[in-house]
Amino acid sequence: MKPKQNTNSQHIDQKETESVAFNALLKNSVGFKVPDNYFDTLPHIIVDRINQQNAEKTERKRLGWIKAPVVWIPALSLACIACIFTLALHFNRAPQPQKIDELTELNLNYDCSYAEEAVLAESLTIDKELDKDGSQYLLSEAITKDSDPSVQEMTDYLKELDIDPELLSQN
Amino acid sequence: MPEYSDIELVNLFRDANKRHFAFNLLVQKYQEKIYFFVRRMLVDHDDTNDVVQNIFIKLWNNLDTFREDSKLFTWIYRIAVNESLSFLRSKKLRSFLNFTTPEALMVNSMADGRYYDGDQIQKLLQEAIIRLPKKQQLVFNMKYFDGLTYEEMSDILGTSVGALKASYHFAVKKIETYVTQI
């Protein structure tokens, strides 16, 4: 029995020794380096951050009223009403006849001037053709003679247009 | 400079004229403890720097509401735990998008040597600690490195003493296994 006990106690002693050595090793195991003067400057760094934080808080308090619902809800409502009013005015505008008349007038003027130019060009062309083949004499002779249509000629012309000649006699 | 107790510092802080003075003293009193606590969780100095600043800014914003039903350092540790865990959660998401793990990033951070000068054994042990589940890692760090009692840890983490003892026991076993296997 005794030898067994001795083995057991030796085993326990060995374990304790290892444990003590292990603990000693652990206690010394730090190894973490710190920058020079770190702990001298740390309080100042922290105080600076706190001052900065307080300054930001003060600024937020100063402008905080802008965020108050009592202010921005009415402001937002007014802005919405103004937008709706503006849009309503824009889409409900009556048409402007003056502009339409102006456009029409311009077009007519343009058409008239174009027609005048066309007639002028045509008459110049006719004159040139007449000059070419010497028919001017014939034309002038035709103009001086009876150029007004007779009654029969007028009646025939009206019948061609399906207009009743008797309408002309009615007053 | 006279030493002020936590209660005195809180009372000084509540006086608007002495607020900055009290806060400076608080930062000087707890900055190293909080820094290394966070550093052991996050490993990287730059990440730790950001989180530590956030912790003290939260302290400034909320110290007025401190009810004194727990100790001040317990309250500060609680803030530090929450900030560290939420940072690790966001880091986990970012590393997932980059097809890596936060643990791998931490190991790389140690390896580049910029802010780590431990020897091979120390690196091995730190890797083992990094690989622990986060809660277990917290318990191990707080018990072993910060020397907190189970009751204090229970106050900070809101976990029972028994669960904390079990958590610490398993953490030690895992670290031993990792170190001896490699």
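The values are calculated or read from the model by the stated rules, or taken from the named source; none is laboratory data. Just so you know, these numbers come straight off a predicted model, no measurement behind them. When we count neighbours, we look across all protein chains shown, and the Cβ atoms used for this are built from the backbone with ideal geometry, even at glycine.
Looking at (1) modelled with pLDDT under 80; (2) in a helix (DSSP H, G or I), which is the one condition that is false for A:PHE39?
(1)
From (1) of a type outside the set (Phe, Trp, Tyr); (2) farther than 30 Å from B:LYS33 by Cα; (3) modelled with pLDDT under 85, pick out the condition that doesn't hold for A:LEU87.
Looking at each condition in turn, A:LEU87 falls short on (3).
Among residues belonging to segment B:21-64 that are β-branched (Val, Ile, Thr) and farther than 20 Å from B:TYR4 by Cα, point out the one that is surrounded by the most Cβ atoms within 10 Å (Cβ to Cβ).
Restricting attention to segment B:21-64, the residues satisfying the condition of being β-branched (Val, Ile, Thr) are B:27, B:34, B:38, B:43, B:48, B:51-52, B:55, B:57.
Then keep just the ones that are farther than 20 Å from B:TYR4 by Cα; that gives B:38, B:43, B:48, B:51-52, B:55, B:57.
On the way: B:VAL38: 24, B:VAL43: 24, B:THR48: 24, B:VAL51: 21, B:VAL52: 28, B:ILE55: 25, B:ILE57: 15.
Per the criteria, the residue is B:VAL52.
Given (1) within 12 Å of another protein chain (Cβ to nearest Cβ); (2) under 24 Å from B:LEU125 (Cα atoms), identify the lone condition not met by B:LYS92.
Among (1) within 12 Å of another protein chain (Cβ to nearest Cβ); (2) under 24 Å from B:LEU125 (Cα atoms), B:LYS92 violates only (1).
Looking at segment B:110-169, which of its residues are among the small types (Gly, Ala, Ser), more than 14 Å from chain A (Cβ to nearest Cβ) and in contact (Cβ under 8 Å) with a residue 12 or more places away in the chain? Talk me through it step by step, then tell me what you get.
Going residue by residue through segment B:110-169, those that are among the small types (Gly, Ala, Ser) are B:111, B:113, B:118, B:128, B:147, B:154, B:158, B:160, B:162-163, B:166-167.
Among the residues that remain, those that are also more than 14 Å from chain A (Cβ to nearest Cβ) are: B:154, B:158, B:160, B:162-163, B:166-167.
Hit for segment B:110-169 is B:SER167, nothing else.
Please return the ranges of helices (runs of 4 or more DSSP H) entirely within segment B:98-182 where 3 or more residues are at pLDDT 90 or above.
In segment B:98-182, the matching helices (runs of 4 or more DSSP H) lie at B:134-140, B:150-157, B:161-181.
In this structure, does B:TYR35 turn out to be more than 10 Å from chain A (Cβ to nearest Cβ), more than 14 Å from A:ILE50 (Cα to Cα) and either touching a Gly at 6+ places or on another chain (Cβ under 7 Å) or among the aromatic types (Phe, Trp, Tyr) (or both)? Working first, answer last.
Values: more than 10 Å from chain A (Cβ to nearest Cβ): no; more than 14 Å from A:ILE50 (Cα to Cα): yes; either touching a Gly at 6+ places or on another chain (Cβ under 7 Å) or among the aromatic types (Phe, Trp, Tyr) (or both): yes.
Here the answer is no, as B:TYR35 does not meet what is asked.
Does segment B:52-74 hold any residues that are away from chain A (no Cβ under 12 Å) and closer than 30 Å to B:TYR116 by Cβ, and which are they?
B:PHE73, B:THR74
Could you list, in sequence order, the residues of segment B:75-89 that are surrounded by fewer than 16 Cβ atoms within 10 Å (Cβ to Cβ) and touching a residue at least 60 places away in the same chain (Cβ under 8 Å)?
Of everything in segment B:75-89, just one residue is surrounded by fewer than 16 Cβ atoms within 10 Å (Cβ to Cβ) and touching a residue at least 60 places away in the same chain (Cβ under 8 Å), namely B:ARG78.
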